[in-house]
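What follows is a set of notes on a single structure, which appears directly below.
Computed from the coordinates by the stated procedures, all read-outs in this text should not be read as laboratory data. Note that the structure is a prediction, hence the values are computed from the model and not measured. Neighbour counts run over all protein chains shown; Cβ positions are idealised from the backbone, glycine included.
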Amino acid sequence: MLVPGSVTGAATEEERPDQSVTIAPREVREWTTDWGLLVTAEGNAVNIDSTLLLLLIPILVIQLGLLIWGLYDLTRPERKVKGGSKVLWALVIIFINIIGPIIYFLFGREEA
């Protein structure tokens, strides 16, 4: 039987006759990185510094632009793709961040 909040330690048979296992409460640890990220031991409560956010916004805009442009180009009726599978190329564009649309534009399109 697990008892949350009890202290783990060496106990004798008289102290613990039912052979139950006790666990210690978890400590809450926090780390702050050089970029201002706050990460707890549980992996939540993350704060992003404004400088890092300003660096990520252009990358996000480029990724979103390439994604939209690639999917628009792929769905044009006259567009032919290598391998013949537009669904496969759509998955490449959507799931391979930033590089997927570039791969499509460089290697996936067949010029008519």
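Quick notes
- Table column - 3J(HN,Hα) (Hz), region 88-100, Karplus curve with 6.51, -1.76, 1.60, x for Gly and Pro: 4, 5, 5, 5, 4, 5, 6, 9, 9, 4, 6, 6, x
- Taking region 49-112 and dividing mean pair separation by its residue count, relative contact order in percent (alpha carbons under 8 Å, at least six apart): 36 percent
- Likely footprinting exposure, Trp69, Trp89, fewest C-beta neighbours within 10 Å first: Trp69, Trp89
- Computed FRET value (nearest 0.05) for Leu53 with Lys82, which takes r as the C-beta separation and R₀ as 30 Å: 0.20
- Taking amide hydrogens as placed 1.01 Å from N in the peptide plane, the amide H of Arg109 sits under 5 Å from those of Lys82, each at least 5 positions away in sequence or on another chain.
- Residue-by-residue Karplus 3J(HN,Hα) for region 71-82, coefficients 6.51, -1.76, 1.60, Hz, glycine and proline x: 5, 4, 4, 5, 7, 5, x, 7, 6, 10, 10, 5
- Distant-in-sequence amide contacts of Arg79, defined by a placed amide H-H separation under 5 Å and a gap of 5 or more residues or a different chain, comprise nothing.
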